[in-house]
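**Q** Take a look at this one; I'll ask things after.
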C-alpha cells in the first residue's frame, strides 16, 4: 500500500462527500444501526479527490438502483498508517438478512463491473469485511449534522480478576458523567464472525463530533478515577480514525 498522508486522505474524502445528494445522510453520530460492517480498502496509484468522488457517486447510484436495505455508509481514515488498509468503507445494516441480501445481489450482478470501475484507484477484498452487532452504551445529546466525526476503537482483554461484571460497574459510573460533548456516544461491538483464539474480550468504540470535542472529553474523563480503574481492568489496543458520511 502507498504511504498516503492523513491530511491528503482526509481532504480527499471530505471533498468527495460534498455532493448535495448526500444531504439526507448526515447522521454519523445518531444512535447506531443494529449491525456495522467494516470493509478494508487500499488506495492505488490513481487515487485522488476527483476519482474518489466519482466512485462514491457511482456506488450510491448502484445501491439506489436495487432493493438494498442499508442504513447508511461512512469512510474511516486512520490517524496513523496501518499495514493492512489505507481506509475503511463502513456499511450500516438493520439486520443480518438485509446485509446478506444486499451482498448477494452485489456479488452476482455488480461486483465484476465495479472491480473494473475501481481498477487503479482503489481495491478491496470481500474477505476483509468484518461485521459486528452493536450495543449502544451512550446516546449523543444532539444529532451531529456536520457530515464528519472522529472515533477510537479499543480492542480489550480483561486483566486477571476482571470480567464483564467489572466492566458493567465501570459503565454505570461512566454514565454518571453528564458533561461530555453533545455529540459524544459509545457502543460495544460484538463480532458476527469467528475472531479466532486471540480475540479481545470486548470491543469498545467511542465517537465524537471533532478532535476538539474528543480532547475536552478526555480531560473530563481523566479528572476522575475511571482511567486508573480502566488500566487495572483491561489491556487494550487503540485505533483512531477520522470519519465522513458518504450515504
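The values are calculated or read from the model by the stated rules, or taken from the named source; none is laboratory data. Keep in mind the model is a prediction, meaning the values are calculated, not measured. Neighbour counts run over all protein chains shown; Cβ positions are idealised from the backbone, glycine included.
**Q** Of the residues that sit in region 135-152 and are part of a strand (DSSP E or B) and surrounded by fewer than 19 Cβ atoms within 10 Å (Cβ to Cβ), which one is nearest to the chain's Cα centre (by Cα)? Write out each step before concluding.
**A** We begin by selecting, within region 135-152, every residue part of a strand (DSSP E or B); these are 135-138, 148-152.
Within this subset, residues satisfying the condition of being surrounded by fewer than 19 Cβ atoms within 10 Å (Cβ to Cβ) are 135-138, 152.
Values: 135: 14, 136: 14, 137: 16, 138: 16, 152: 9 Å.
Restricting to residues being part of a strand (DSSP E or B) and surrounded by fewer than 19 Cβ atoms within 10 Å (Cβ to Cβ), the top hit is 152.
**Q** Continuing with the same structure: Can you confirm whether residue 192 is at pLDDT 95 or above, under 24 Å from residue 86 (Cα atoms) and surrounded by fewer than 17 Cβ atoms within 10 Å (Cβ to Cβ)?
**A** On the way: at pLDDT 95 or above: yes; under 24 Å from residue 86 (Cα atoms): yes; surrounded by fewer than 17 Cβ atoms within 10 Å (Cβ to Cβ): yes.
So residue 192 fits the description; yes.
**Q** Among residues belonging to region 67-84 that are farther than 15 Å from residue 151 by Cβ and at pLDDT below 95, point out the one that is surrounded by the fewest Cβ atoms within 10 Å (Cβ to Cβ).
**A** So the residue we want is 83.
**Q** Identify the single condition in (1) at pLDDT 50 or above; (2) closer than 19 Å to residue 247 by Cβ; (3) not in a helix (DSSP H, G or I) that residue 63 does not satisfy, given that it satisfies every other one.
**A** Failing condition for residue 63: (3).
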